[in-house]
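What follows is a single structure, written as structure tokens, with notes after it.
Rule-based calculations on the coordinates, nothing more; no lab input. Keep in mind that what you see is a predicted model, and the values were worked out from it rather than measured. Quick reminder, even Gly has a Cβ in these numbers, built from the backbone with ideal geometry, and neighbours come from all protein chains shown.
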Amino acid sequence: MSIRLEGDKRLRQALARFPAILAEYLRKAGEEASELILETEGLRSYPPATPANQPPTPYYARGQGMQYESYNDGRSEQYNEQWRTEQRGYGAVIENSASYAGHLAGEEQSQAMAEIGWRKLWDVTQEKALQVAAIYNAWVGKALRKAGL
């Protein structure tokens, strides 16, 4: 199958520009949608601290590691700072590179982590699906207008 456009030079130019514009705008849509998802408490921002994060020792000091009576083991992986968004195709993938991320936001999350406020990334994504779709629709509309379509 082939489609041949004849005549309107402006339409042909707009259609030629559109793929590059769309790629740029879909990247922006992915970034905006990711921010919407990650702003949820229990993902990038930690849920409220529990007794496990407070003295007496040993306790886990967020952003530092396990605090013992005379030292901190320094093993925190800075979970809140390990979130990354990567554009793949027409969408975006959100990942956290901390070794324990799956136990806080992934399918391996334990009931205990859910009870103290950690959220599964997939659950939050599903909850915000309509808002994410609206973000993508808005950016596609902007791309169409910028291309002159």
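Just to be sure before I move on: is Ala98 in contact with a Leu (Cβ under 7 Å, 6 or more places away or on another chain), over 20 Å from Gln126 (Cβ atoms) and surrounded by 15 or more Cβ atoms within 10 Å (Cβ to Cβ) in the structure I sent?
Considered against the rule, which asks whether it is in contact with a Leu (Cβ under 7 Å, 6 or more places away or on another chain), over 20 Å from Gln126 (Cβ atoms) and surrounded by 15 or more Cβ atoms within 10 Å (Cβ to Cβ), Ala98 comes out as no.
Residues that are small (Gly, Ala, Ser): find the helices (runs of 4 or more DSSP H) completely inside the range 29-142 holding 1 or more of those.
101-105, 111-115
Please determine, by comparing only the residues of the range 11-37 that are in contact with a helix residue (DSSP H, G or I) (Cβ under 7 Å, 6 or more places away or on another chain) and within 10 Å of Ala143 (Cβ to Cβ), which one is surrounded by the most Cβ atoms within 10 Å (Cβ to Cβ).
Ala29
So, in the range 110-149, of the ones that are polar (S, T, N, Q) and more than 15 Å from the chain's Cα centre (by Cα), which residue ends up nearest to Ala14 (Cα to Cα)?
Per the stated criteria, the residue is Asn137.
Given (1) touching a strand residue (DSSP E or B) at 6+ places or on another chain (Cβ under 9 Å); (2) loosely packed, with under 13 Cβ neighbours inside 10 Å; (3) at positive phi, identify the lone condition not met by Gly89.
Answer for Gly89: the failing condition is (1).
Tell me yes or no: at least one residue of the range 3-10 is touching a residue at least 40 places away in the same chain (Cβ under 8 Å), more than 28 Å from the chain's Cα centre (by Cα) and either more than 24 Å from Lys146 (Cα to Cα) or exposed (fewer than 13 other Cβ atoms within 10 Å of the Cβ) (or both).
Yes, the conditions are met somewhere in the range 3-10.
In the range 7-28, what residues are of a type outside the set (A, V, I, L, M, F, W, C) and part of a helix (DSSP H, G or I)?
The answer is Lys9, Arg10, Arg12, Gln13, Arg17, Pro19, Glu24, Tyr25, Arg27, Lys28.
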